[in-house]
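Colleague: One structure coming up, written as structure tokens, with questions to follow.
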Amino acid sequence: MGEINYTYQHEDFNLSLAYYYTLVLQVSSTDFTYAIFYDDKLMALASNCPIEELANPTGMADELFAHFRDIVVGVDSDGFTLVPIELFNADRVTDYARFLDVKQDEKVLAQQLDADNFIIYKTPAAIVAAMEKFDLTRCVYSSKGWLNAIANTNPADNTIFVNIEHKFAELLCFKNGKIRLYNTFEYKTAEDLAYAAAVVFRETGALQNEVKLSLSGSALNDDYRERLAEFFPTVGVNELQIAQLPAGLTSGQLLKLSALLLCVSSEAS
């Protein structure tokens, strides 16, 4: 086994039993998070792994290419557009992608996001090449599990779901159980987050004192939560539980990552 700086490793974790495990990767253009689950129990986690290890594995080759029962790769994107399912035409993906300002070193991917929408998104061509090692049919838009897990809870129309990762946040709200608005925003400060939430809040048509914020994300911290609470009266952590996690790791912190488990059956063989 390679030398991985594990954020967490279960005492019973044994890579020789990989055929019982599911490998989950969450990939951005600069790094990736590596997680292994036994059914829904987290067995190993490593964050901020260098993207070079995905493209040309050396130290992590044994871990990445063990004979896992299932694999799902969640891919972050800097640009995307949603197309209602009744309007989507696979032959027109290139036309849809014109909204994304695709560069020469980027590739466009398209897949069904939920029961109502397809998502067309771009990602660096080098990332796509690296993912081909795992079979592109196992790759999904990284927030697909998060979006659908929340949708399955019958979300209230006045709730804005905010997932805070490093450098960017995702904001989501529903109307009658269907996505009303979903977008991503770059941020540097808590004030940036508050501004983004205010933009989405105005789209809901609700009064400010009626809006609830439900927070999650690997970069979520008390400072962000307290600052948002200055603008919105009800701010809480999303406690939706997807996986069994050890003490010290909360479901809110790992919600987006663990929700990728919900994509295995629909995308991976």
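The values are calculated or read from the model by the stated rules, or taken from the named source; none is laboratory data. Because the structure is a prediction, the values reported are computed rather than measured. Quick reminder, even Gly has a Cβ in these numbers, built from the backbone with ideal geometry, and neighbours come from all protein chains shown.
Colleague: Restricting the stretch 70-109 to residues that are of a type in the set (G, A, S) and within 20 Å of L25 (Cβ to Cβ), which is surrounded by the most Cβ atoms within 10 Å (Cβ to Cβ)?
Modeller: G74
Colleague: Just wondering, is there one or more residues in the stretch 237-248 that are touching a strand residue (DSSP E or B) at 6+ places or on another chain (Cβ under 7 Å) and in a strand (DSSP E or B)?
Modeller: Yes; the residues of the stretch 237-248 include at least one that is touching a strand residue (DSSP E or B) at 6+ places or on another chain (Cβ under 7 Å) and in a strand (DSSP E or B).
Colleague: Which is within 28 Å of N176 (Cα to Cα) and under 21 Å from the mean Cα position of the chain (by Cα), of I119, I51?
Modeller: Unique residue meeting the criteria: I119.
Colleague: Restricting the stretch 208-237 to residues that are more than 11 Å from A190 (Cβ to Cβ), touching a helix residue (DSSP H, G or I) at 6+ places or on another chain (Cβ under 7 Å) and surrounded by fewer than 17 Cβ atoms within 10 Å (Cβ to Cβ), which is modelled with the highest pLDDT?
Modeller: P233
Colleague: Of the residues that sit in the stretch 79-91 and are touching a strand residue (DSSP E or B) at 6+ places or on another chain (Cβ under 7 Å) and of a type outside the set (A, V, I, L, M, F, W, C), which one is farthest from Y21 (Cα to Cα)?
Modeller: Of everything passing the filter in the stretch 79-91, P84 is farthest from Y21 (Cα to Cα).
Colleague: Within the group I85, I36, which residue is more than 18 Å from Y141 (Cβ to Cβ) and β-branched (V, I, T)?
Modeller: Checking each option against the conditions leaves just I36.
Colleague: Something else now. Considering only residues that are exposed (fewer than 15 other Cβ atoms within 10 Å of the Cβ) and at pLDDT 95 or above, which ones fall in the stretch 18-34?
Modeller: Once the filter is applied, which keeps residues that are exposed (fewer than 15 other Cβ atoms within 10 Å of the Cβ) and at pLDDT 95 or above, the stretch 18-34 yields Y19, Y20.
Colleague: Something else about it: May I ask you to list the residues in the stretch 195-206 that are over 14 Å from A156 (Cα atoms) and more than 21 Å from the chain's Cα centre (by Cα)?
Modeller: Correct list: Y195, A198, V199, R202, E203.
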